[in-house]
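Worksheet for the structure shown next.
The values are calculated or read from the model by the stated rules, or taken from the named source; none is laboratory data. Quick caveat, the model's predicted, so the values are computed rather than measured. Here the Cβ positions follow ideal geometry from the backbone for every residue, glycine too, while neighbour counts run over all protein chains shown. Quick note on the areas: whole protein, heavy atoms, side chains included, nothing else; ligands and nucleic acids left out. Shrake-Rupley method; radii C 1.70, N 1.55, O 1.52, S 1.80 Å.
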Amino acid sequence: MARVILAPTFNSFPVKSSIVDSRRSSNTNRLHYGIKAMNVEKPLEELYKVRVERKVSPERLAELGVSRWSMWKTGKSCLPWDWQVDQLVYIEEGEVRVVPEGSKRYMQFLAGDLVRYPKWFEADLYFNGPYQERYSFRAYGDD
């Protein structure tokens, strides 16, 4: 499996300043270059160990036995949620925005996504319309 390493990105930008040259004792305009570090944030999925597979194939769904999993539905709503065990979720309809506890950012999952939420994860779930998922609780070591 390939890994991507994120490192801070640096940009140089011109800074115009007026400097007194002590040898000539006259003002001269010079162009200097400064370095600015860009803030690169890790994706929330990586920070909270939430795994997602997008647009899962029918073969993968059959391999996991998703059609035999329990089903859950809701409409437009907001729910606080915490996971006591690992949970594997296949979203059949709609979308959900997941805001981890203490975060201002969110993860968005859509119909066709397979999401694995880790044990002890806490978040607020926002559903903006009809939503349906199939879910399976996972024991330690199940993949």
Review point. Any residue in the range 121-130 that is farther than 19 Å from Lys49 by Cβ and crowded, with 16+ Cβ neighbours inside 10 Å?
Key: yes
Check your understanding: Has the range 96-114 got at least one residue that is hydroxyl-bearing (Ser, Thr, Tyr), in contact (Cβ under 8 Å) with a residue 12 or more places away in the chain and under 21 Å from Ser70 (Cβ atoms)?
Key -> no
Check your understanding: Of all residues in the range 107-127, how many are at pLDDT 95 or above and in a loop (DSSP other than H, G, I, E, B)?
Key -> 3
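For the range 63-97, give me each residue that is among the basic types (Lys, Arg) and part of a loop (DSSP other than H, G, I, E, B). So that I can check it myself, show each step before the final result.
Of the residues in the range 63-97, the ones among the basic types (Lys, Arg) are 68, 73, 76, 97.
The answer is Lys76, and nothing else.
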Study note, to complete from the structure: Taking the range 100-113 and keeping only residues that are within 19 Å of Gly129 (Cα to Cα) and open to solvent by less than 30 Å² (accessible area, probe 1.4 Å), one is left with Met107, Phe109, Gly112, Asp113
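Could you say which residue among Glu41, Glu46, Glu59 is open to solvent by 60 Å² or more (accessible area, probe 1.4 Å), in a helix (DSSP H, G or I) and at pLDDT below 95? Write out each step before concluding.
Working: Glu41 fails: in a helix (DSSP H, G or I); Glu59 fails: at pLDDT below 95.
It is Glu46.
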